[in-house]
Each structure stands twice: as C-alpha cells, then as structure tokens.
Amino acid sequence: MFYMFSGIILICSLLTITTRRILRAAVYLLCVLLATAGLYFMLKYQFMAAVQLTLYAGGIVVLIIFSILLTHHISHLFEKPDLTKLIMGISAAVIGSVMVIATLLTHPFQAGSTTELPVDMTEIGNQLLSTGKNGYVLPFELISILLLAAMIAAIVIAKKDKNKNSEI
Amino acid sequence: MSSNIYDFSSLTGSIHSWLSGLMSSGWVIFSEMVLVGLVFLLMYALIGLFLVYLERKVCAIMQNRVGPNRVGKWGLLQTIADLIKLLLKELIPIRKSDALLFNLAPFIVIICSFLAMAALPYAKGLQAIDFNIGVFYVMAVSSLSVVGILLAGWSSNSKYSLIGAMRSGAQIVSYELSVGLSLLAIVVFTGSMQLSTIIESQANGWWIFKGHIPAFISFIIFLIASTAEINRGPFDLAEAESELTAGFHTEYSGIKFAFFFLAEYMNMFIVAALGATVFLGGWMPFHVGNWEGFNHIMDYIPSVVWFFSKTFFLILIIMWFKWTFPRLRIDQLLTLEWKYLLPISLLNIVVIAFIVLMGWHF
C-alpha cells in the first residue's frame, strides 16, 4: 500500500509541473494531497488525515480551482519554458535531491523505542490549549490573531468604497 | 442496559472465523475486503434506485398525481427499467472538451459518497470502519465532491454547465460551515467525535430531546444547511431547469449522467443517515430515561429497522422541502447562510458549551 501511495504522489507531482493545462495541474495536485492523506490513514493518524482532506483537498484545491475558473484564460496553455531556464531548474532540483538523499543515506537512523502514542481528539484539544509544559496555547492564540487580522484585511480590500463608486 | 439488541459483530465475527478456517490470513483479509465491497456496492445501487422511485412517488402524491405505476407492482420496477435504458444509451463525446477531466468528474463525485458511506453505523456492530473522528471524517470526504462538480462544469465546455458549477461551488463551500457547526453542537454534548460513542451516549434518550432547545435549533440548521449542501430544492440553483437546462451535468449522457444522479440521491441518504445518527440516536431504540420496562419493549425492534426508519423519515422531510418551497435566488441563498444561519449556529455553540459546563443537560 505504501508503495502504491508513494507512487501516486511521485507520478502526480511530476504531472502537476509538467502539464501545460492549468486546471489539470490543479487536479494532479489534488491527487497528490489525497495520496498524502492516504499515508496518514496508514499511520493510523486519522485526525491528521481528515485535516489534510478538509483543509488541503477540500479547501485549498477548491479555492485554487475557483480562482482558475474565475480567470479569463482558463483554456490557455502554458508557454514552453526556454532551454536555459529548463536546464537551470532541473540542475537545481537534481543537486537538491542528491544532497537530501545523501544525507538520508549517511544519517544513522535509530528505531524509535517510544510506544505508539494514542492520538485522541480530547488529548489534541487539551494539548492545544494547555499553558503547561509542551502546551501550544501561545502559538495557537498568535495564529488565531494573525488569521483574524488577515480576514479583516480581506474584508477591507473587498469592500467597495461607496463614494468612489458613485463618482465613476 | 440494552443487552438484548442483536449485535451484528457476532455475525461478522463468525464469518471471519469461518473464512479463517478456510484460508490463510492474507487471503482472509482480501476476501473480506471483496465481500464488504460487494455488500456496499449492492446496497448503494439498491438504496439509490429505491430513492429515485420514492422521490417520484412522493412528488406525485404532493402534486395529486399517481406517479410511476406500470412497471411491476405499484411501479416498483420503474427505476430498474430506467437504469437499463441509461446503460444502453450512447455516450456522447463533447467536442472541444477536456476529455480526461470530463470523464473523471462523475467518478470523483461517486467515490466521495462511497467514502462517506463507509463510516456510517447501520446497526449495532455493523459499521465498516469506526474512526475516532467519525463525524469529522464524513464531513471531510463529503466536502470533496464539490471538486467533481466544479470539474464537470468546466470540462463540459458549456456556459450552462460552468454557471451551474460555480453556483453549486459557492453554495456547497458556504453551507458546509453551518453543517459543521451544527454537528459540532452534538460533539460538544457528547465529548467525542466517534460515531459509535455518540450513539452509545444516546442510550437514555436522543440528543434532540436531551439537549434542550439548542440541540433542536442545531437540528433545524443541520436540516436546512445539508439540504443546500446536497444541491436539492429549494436550493437546487446549480441545476435550475428553468434557467440552466440541467446545470453542471447538462452535457453528460447515458451512464455518466446516471452516476451524477445516483451520487446526488446517495448524498441525500448519507446526510439523512448522519443526521439520524447524531441527532436521533442512529440505531439506538427510543429510550426514555429510567423507564426500564418501556425501554425493554423498544429494544425488541431490531436496530437496523430503527436506523433505516429514522433515515427515511429525514429523507421524507428533505423531499417535502423540495416539493413545497419555491427555488431561492443566489443572493437570497448566500444571505440566508452568511447573515442568518452562521451567526445563529455560532451563538448556539456558545450556549451549548455553557450548558455543558454547568451540567444542565441530561
């Protein structure tokens, strides 16, 4: 199963960047995210998998598809990149992957001795809001304030200025 | 307490041990997967066909007509005849459409409803997977079907389809919030997202009765929002026949159209089953607090019967909506969600959290 999922992830991520139709790229991206959710399900980390499904597959990809549909040139094909850019990009990718693989192969991995942690919803919730050791209440609050600011900013930008409109 | 309800896990356990005696463990898992798959496929087809028949009959009764009555007794075989007709129909390829996405879209929609069905508890001990995040999982996979609808609308290369898909996308994305918040209300009451735990917690009364008025409010919000989420009338703008011919599936023909059609009815079943499970106790018989004798009598009705009768009760309500109310405009639809349902359900959650903290619920 693991090989199937990772195969899907590899092939679809390659297709995402090589396809020349923008909507198809979004669909291949969706496949990649779904297969990642499958990997989480294999790890029995169901909460993470469901978050992956709702946020990435159900939220972000839908947003991407929406914004693509709202643009004018949906059926527009990407231009083929020039040769120099292509060579530069591929070489950067190859160097990066060689470095990562080399580190992975040389690093001595030790099998974790810790037992499987029970991933319970209540525990995740308590951990998120605890102020004690290993509590995440500060990052949680910071992120919520950041989100709130982002939402207010989005509303301000999207709101039509009535005076300006009447002049036009 | 409810010890004399038949537990299906004994049946599935005996099938498992019988298979284990026949073959090695790898093959047992494989054959069980095939068996479960076959059962789900059969159930999917049967419920889907029956729902289409039911819809036509209910519509006919509401409009003072007879409805299908020629094929089979009371027209029961009508939908099977329709299915055969759809299977034999020609699949019309659309010129200048994106063939890959065009063919992929119906499958995305139908796979999503299959995924959601897997986690539903049908009777005591009869549940394919019991996730500890059951409610959240069902929400997550059912939200994926909007991708299929958007792709179907775009790849058909038709204006009707595109407008239908955009409408339905905006509608599903916004009403999902209300569905999630109204389900969250009961999750707050139960303290768990696991569907089996939610059902067990209703052994002394269903949440709609135990949770005072807030639970009832969230039940009503759930009914409205989920009707919108499955694109049914009065929220069926995505396929408003009078303006968009058939919305996002205008260009589909034959069995691909049947996939969309079937998935729509199965989504209705899933939503009704989820509502029945969370608010009306799923397979849990009608119990009242400490009335032991009464509860004991109610236990004699099998749990499958309870589950399906509650589900079909909700389905009938949803159908009643469709044939009673006129279709909303898109701006009215979005106003209803963002200006009324969402604030009400947010406030409702706060009230429920307060009730749970004070321990006022039963």
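Just so it is clear, none of the values below were taken in a lab; they were calculated from the coordinates. Computed from a predicted structure; not experimentally measured. With ideal geometry, Cβ positions are generated from the backbone for all residues, glycine too; neighbour counts draw on all protein chains shown.
Mind checking the log10 I(q)/I(0) for region B:270-332 at q = 0.14 Å⁻¹? Debye, one equal scatterer per Cα, no solvent, two decimals.
-0.52
Please arrange B:287, B:212 by how many other C-beta atoms lie within 10 Å of their C-beta, fewest to most.
Least to most surrounded, the residues fall as B:212, B:287.
Considering the alpha-carbon set of chain B alone, what are its Rg and its Dmax in angstrom?
According to the Cα coordinates of chain B, Rg and Dmax are 21.5, 68 Å.
So what is the 222 nm mean residue ellipticity for chain B from helices alone, if each DSSP H run of at least 4 adds -39500 (n - 2.57) and you divide by all residues, rounding to the nearest 500 deg cm²/dmol?
Helices in chain B give a 222 nm mean residue ellipticity of -22500 deg cm²/dmol.
Rounded, prolate or oblate: which fits region A:1-72 when a ≥ b ≥ c are the square roots of the eigenvalues of the alpha-carbon gyration tensor, with rounded for a/c under 1.5 and prolate only if a/b beats b/c?
Oblate shape, in that a/c is at least 1.5 and b/c is the bigger or equal ratio.
Between A:96, B:91, B:24, whose Cα lies farthest towards the positive end of the dipole of the protein assembly as shown when Lys and Arg beta carbons carry +1 and Asp and Glu beta carbons carry -1, centred on the Cα centre?
Ranked along the dipole, the leading option is B:91.
Subtract the Cα-Cα distance of residue B:61 and residue B:327 from 0.36 nm times their separation in residues, and report this length gain in nm to one decimal.
Going from the current span to full extension adds 93.8 nm.
Near residue B:317, within a Cβ-to-Cβ distance under 12 Å, what is the net charge of the other residues, with Lys and Arg +1 and Asp and Glu -1?
+3
Could you tell me what fraction of 2.2 N^0.38 Å the Cα radius of gyration of region B:31-92 comes to, as a two-decimal ratio?
1.40
Based on the Kirkwood radius over alpha-carbon pairs, what is the Stokes-Einstein translational diffusion coefficient of the protein assembly as shown at 4 °C with 1.567 mPa s viscosity, in µm²/s?
50 µm²/s
So for B:356, A:62, A:137, fewest C-beta neighbours within 10 Å to most, what's the order?
With the sparsest Cβ surroundings first, the list reads A:137, B:356, A:62.
Which FRET efficiency, nearest 0.05, do residue A:14 and residue A:159 yield, Cβ-Cβ r, R0 51 Å?
The formula returns an efficiency of 0.75 here.
Mind sorting A:144, B:143 by how few other Cβ atoms lie within 10 Å of their own Cβ, fewest first?
Fewest-to-most Cβ neighbours within 10 Å comes out as A:144, B:143.
In the P(r) worked out for region A:120-160, what percent of Cα pairs fall beyond 17 Å?
Result for the distance tail: 47 percent.
Provide, for chain B, the number of lysine pairs with alpha carbons under 21 Å apart, each pair being eight or more places apart or on different chains.
13
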